[in-house]
1. Within segment 17-58, restricting attention to residues that are in contact with a helix residue (DSSP H, G or I) (Cβ under 7 Å, 6 or more places away or on another chain) and outside any helix (DSSP H, G or I), which residue is modelled with the highest pLDDT?
2. What are the residues in segment 170-185 that are closer than 18 Å to residue 138 by Cα and touching a residue at least 40 places away in the same chain (Cβ under 8 Å), if any?
3. Please go through (1) loosely packed, with under 14 Cβ neighbours inside 10 Å; (2) assigned to a helix (DSSP H, G or I); (3) modelled with pLDDT of 85 or more for residue 463 and return the number of the only condition it doesn't satisfy.
4. Any residue in segment 366-373 that is in contact with a helix residue (DSSP H, G or I) (Cβ under 8 Å, 6 or more places away or on another chain) and more than 22 Å from residue 180 (Cβ to Cβ)?
5. For residues that are at pLDDT below 90 and in contact with a strand residue (DSSP E or B) (Cβ under 8 Å, 6 or more places away or on another chain), scanning just segment 315-338, find the one that is surrounded by the fewest Cβ atoms within 10 Å (Cβ to Cβ).
6. Which of the residues that make up segment 69-80 are in a helix (DSSP H, G or I) and touching a residue at least 60 places away in the same chain (Cβ under 8 Å)?
7. Would you pick out the residues in segment 344-361 that are modelled with pLDDT of 90 or more and outside any strand (DSSP E or B)?
8. Going by the conditions given, is residue 147 closer than 25 Å to residue 104 by Cβ, modelled with pLDDT of 95 or more and assigned by TED's automatic domain parsing to the domain that holds residue 88?
């Protein structure tokens, strides 16, 4: 069924702060609620709803939570979007989509926590496209109606590609702006008045400061990977400001009555207060939606070695892993650019078609490397954490002969520094219900990380090697000694 015009925001005149004391013209009313509950969903009892959420593994905190839907038709999506979903090969909504769509299309603010590969991108993209279609048309010089912020260029490009595919049938124009490419090309795209804009915060702030776009009509904000780590790799991508201050600067240009959809694969305590502060000035309760953190469709193995063995172990695994077949892709993660380049060289010398991806690569080369990996021309990719998000290979929905080509395994050549980084890395395999395999090489120097790694393995019902338990105990002793004598 088609969407309908719904409730308009009562705060339609509220916008971001301005130094201009002259009277500003009122902003247009914003249609926020365009969700019409399907009769089959409305008929569900509270007991049935509770049982369905339990079956889906969905937990929701908040008041007046819409009931989950059971199909695309029940989600109140327009027919041309349903047609695009069917043509793309989607059969049914994922668990996160079944609950997120009714919430988002009811105009509610939501913080969504879901594992990688769960379909969280479409969980916010389709409501954003429906939102854009329901608003009055943009006038010349006006900025986008919806804004999606992503922490990396690769993820921004992937999101915009998905948005363009589903936005075209809705009549919604999309664009992406990010660093590493000339601004002139992106300014030309903005002049075409896209209704939905995907951006990295650094580049968008540059364009806002130069008045190349504006956000007074933007009433929906989606933030993908809301807990982006402030790593050295991220600092190279966004050198002027951290991720959080850049987002805060962008919010100053937006309406206060905006709808906020914040999605991430992890939700560590150190960023909860920061992320929730993005919602605090809106004066509306938000809903917290979570899906299982541990992906049980990934077989996880931890292998102990010394630092010298890290160059040999990947070669041995590639030779012995029975999941490595023609057409499969493999991802190898390192913590440094130097090891990334060295390992790629070793793999190529051994006859493996490997390419490297890290923050020192020019944007054109990074785009080419990703294209080669997605097309399986070079099915082995050695990458630093800059590439751990947005590598949804199967998500591009290529012709049928590509369907069997998947990320068969992930190898953590260097142990990630946090459990959140570990979850993101291994989430490149075992996506959308497929079975994947993840290997992590651990050395004695990684003892401080082992406690968290043990917990992740237990959460996912994986075997925990005795050697890992021993290293975890050594890490606890070392932490106690540092605390005692500090």
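1. Among those that are in contact with a helix residue (DSSP H, G or I) (Cβ under 7 Å, 6 or more places away or on another chain) and outside any helix (DSSP H, G or I), it is 38.
2. Step one: of segment 170-185, the residues closer than 18 Å to residue 138 by Cα are 170-176.
Within segment 170-185, 170, 172 meet the criteria.
3. Of everything listed in (1) loosely packed, with under 14 Cβ neighbours inside 10 Å; (2) assigned to a helix (DSSP H, G or I); (3) modelled with pLDDT of 85 or more, residue 463 misses just condition (2).
4. From segment 366-373, those in contact with a helix residue (DSSP H, G or I) (Cβ under 8 Å, 6 or more places away or on another chain) are 366-367, 370; that's our starting set.
Filter again for more than 22 Å from residue 180 (Cβ to Cβ), leaving none.
Checking segment 366-373: not a single residue is in contact with a helix residue (DSSP H, G or I) (Cβ under 8 Å, 6 or more places away or on another chain) and more than 22 Å from residue 180 (Cβ to Cβ).
5. Among those that are at pLDDT below 90 and in contact with a strand residue (DSSP E or B) (Cβ under 8 Å, 6 or more places away or on another chain), it is 325.
6. Of all residues in segment 69-80, those in a helix (DSSP H, G or I) come to 73-75, 79-80.
Selection gives 73, 79, 80.
7. Pass one, segment 344-361, residues modelled with pLDDT of 90 or more: 344-358.
Within segment 344-361, 344, 345, 346, 347, 348, 349, 350, 351, 352, 353, 358 meet the criteria.
8. Details: closer than 25 Å to residue 104 by Cβ: yes; modelled with pLDDT of 95 or more: yes; assigned by TED's automatic domain parsing to the domain that holds residue 88: yes.
The answer is yes for residue 147.
The values are calculated or read from the model by the stated rules, or taken from the named source; none is laboratory data. Here the structure is a predicted model, which is why all the values come from computation and not from measurement. Glycine gets a Cβ as well: all are built from the backbone with ideal geometry, and neighbour counts include every protein chain shown.
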